[in-house]
């Protein structure tokens with residue numbers, strides 16, 4: 001049962017496990033090195049935002065608007081099935097203007113005026129690249145380090161490696177919102193925050209926007225708290241008779257106990273009635289509407305205040321194959337104010353220094369147009385070769401832009417950052433050597449970064 005990692009953790013975690021009666025305190029060796037972050041809020045923009053319309057302006061596209069993408073730039077790179085049959089690949093200039101902001105001079109689109117105001121707190125990574133060219137394998141790759149479903153998600157790895165900071169809430173929570181740009185965008189599956197082959201106690205808990213925030217948390221009619229407590233004690237006693245040390249039996253006991261405590265902690269967590277008006281002025285009126293990106297950003301702040309280790313927001317709707325100018329404007333209205341508000345709020349509360357915030361999607365968008373091109377309307381296909389994310393807090397160097405791309409935004413030309421490099425860097429900031437956080441499954445020691453990944457030291461503060 002305890003043939004696990006290099007036994008990362010804390011004495012507090014071991015105490016909590018022992019109190020819950022489902023784990024023996026393991027020998028602890030502490031973190032691999034000093035952590036700069038204690039928790040993570042990952043703002044995952046599902047569908048892939050266009051870096052060319054938000055973060056990485058290319059004057060060359062304006063000069064060559066409507067002309068063919070040079071063959072020397074594409075260099076035979078694969079295309080998706082949606083544009084592989086096109087006979088023409090006309091370059092599409094962004095319809096939106098870009099301006100430098102702050103002391104850092106970060107360049108952002110007019111679509112992101114609130115993000116621009118916190119630009120000096122952000123680190124933009126323009127040189128991200130990935131291996132997957134379609135959404136599901138690309139999102140799975142970001143989440144698990146593999147394009148093939150079945151591996152543990154990054155939040156599950158962190159829950160496994162670091163444990164929880166709270167006795168009353170899960171270590172890992174997932175929140176999903178639907179974008180207004182493309183509301184029928186690809187679905188998101190629960191396995192994206194799953195535990196894979198790790199014990200299921202490490203999987204993310206999805207909070208819902210309607211009804212009970214967590215399914216099956218409430219007592220059924222006729223069952224009060226005293227009756228529930230007696231039932232859990234009896235179940236724990238029966239499970240304690242097992243001599244096999246089955247981790248799933250321990251998991252069930254732990255989940256029952258966590259659910260019992262969450263019956264009190266979750267209603268208080270999601271009750272925003274005591275938040276001052278200034279909070280909603282900061283996050284926007286959408287923060288009052290359950291299930292919106294803004295409401296989830298506010299919940300994320302409340303969660304990390306209460307000890308949730310890893311909060312992941314998934315915002316759908318960024319897949320702009322057609323009508324990009326209209327759709328991406330809607331997505332930015334959904335996310336711009338709340339994303340900036342979260343960074344500002346964390347900073348004002350003294351939480352940003354040890355909370356890592358990550359914003360980005362699974363890949364980028366092409367410099368050429370998918371479908372019919374006009375000056376006011378265009379679409380862009382999937383592009384794994386280069387895209388932009390931003391990070392803030394938690395040991396990240398603020399006010400910098402890392403990495404360069406070519407004049408067409410098609411290829412990385414300097415300081416490339418692979419998905420596994422990003423994952424390794426996130427773990428490093430939390431005090432973990434990504435090569436040493438492993439789990440033996442079917443005869444092999446697995447890790448989040450597989451056999452790849454280098455910490456991106458240039459972006460560390």
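Between residue 454 and residue 349, the FRET efficiency estimated from the beta carbon spacing at R0 = 41 angstrom works out to 0.80.
Extent along the principal axes, Cα only, for the stretch 365-418: 44, 21, 17 Å, with the longest axis given first. Over the stretch 300-425, what portion of Cα pair distances is larger than 22 Å, expressed as a whole percent? When every Cα pair of the stretch 300-425 is considered, 48 percent fall beyond 22 Å.
In percent, rounded to a whole number, the relative contact order of the chain is 29, using alpha-carbon pairs under 8 Å and six or more apart.
Among beta bridges identified by DSSP and lying wholly in the chain, the antiparallel ones come to about 45 percent. Once the Cα atoms are used to define both axes, helix 324-348 deviates from the longest principal axis of the chain by about 50 degrees. Report summary: the helix-based calculation at 222 nm, which adds -39500 (n - 2.57) for every DSSP H run with n ≥ 4 and divides by the residues of the chain, gives -9500 deg cm²/dmol.
Dividing the Cα radius of gyration of the stretch 29-79 by its Kirkwood radius returns 1.25 for Rg/Rh. Does anyone have the angle between helix 135-144 and the longest principal axis of the chain? Alpha-carbon axes, 0 to 90°, nearest 10? Around 50 degrees separate the two axes.
Segment residue 322..residue 200, full-extension length gain: 39.9 nm, with 0.36 nm per residue of separation and the alpha-carbon distance subtracted.
Each 10 Å bin, from zero up to the one with the longest distance, holds this percent of the alpha carbon pairs of the stretch 61-154: 13, 25, 33, 27, 2. Pairs of alpha carbons in the stretch 287-360 separated by more than 14 Å make up 63% of all such pairs.
Over the Cα atoms of the stretch 61-102, the radius of gyration divided by the Kirkwood radius equals 1.10; this is the Rg/Rh ratio.
Size estimate for the chain follows the Kirkwood approach: the inverse of mean 1/r over distinct Cα pairs works out to 23.0 Å.
Label separation (residue 34 vs residue 231): 4.9 nm, computed from points 7 Å beyond Cα along the C-beta direction.
How high is the relative contact order of the stretch 135-186, in percent, with contacts defined as C-alpha pairs under 8 Å that are six or more residues apart? RCO, the stretch 135-186: 21 percent.
Where in the stretch 28-69 does the label zone of residue 377 land, with the point 7 angstrom along Cα→C-beta and an amide N cut-off under 19 Å? Label zone hits: 66.
FYI, it's all coordinate maths here, none of it is from the lab. Owing to the predicted nature of the structure, the values given are computational and were not obtained by experimental measurement. Ideal geometry is used to build each Cβ from the backbone, glycine not excepted, and the neighbour counts take in all protein chains shown.
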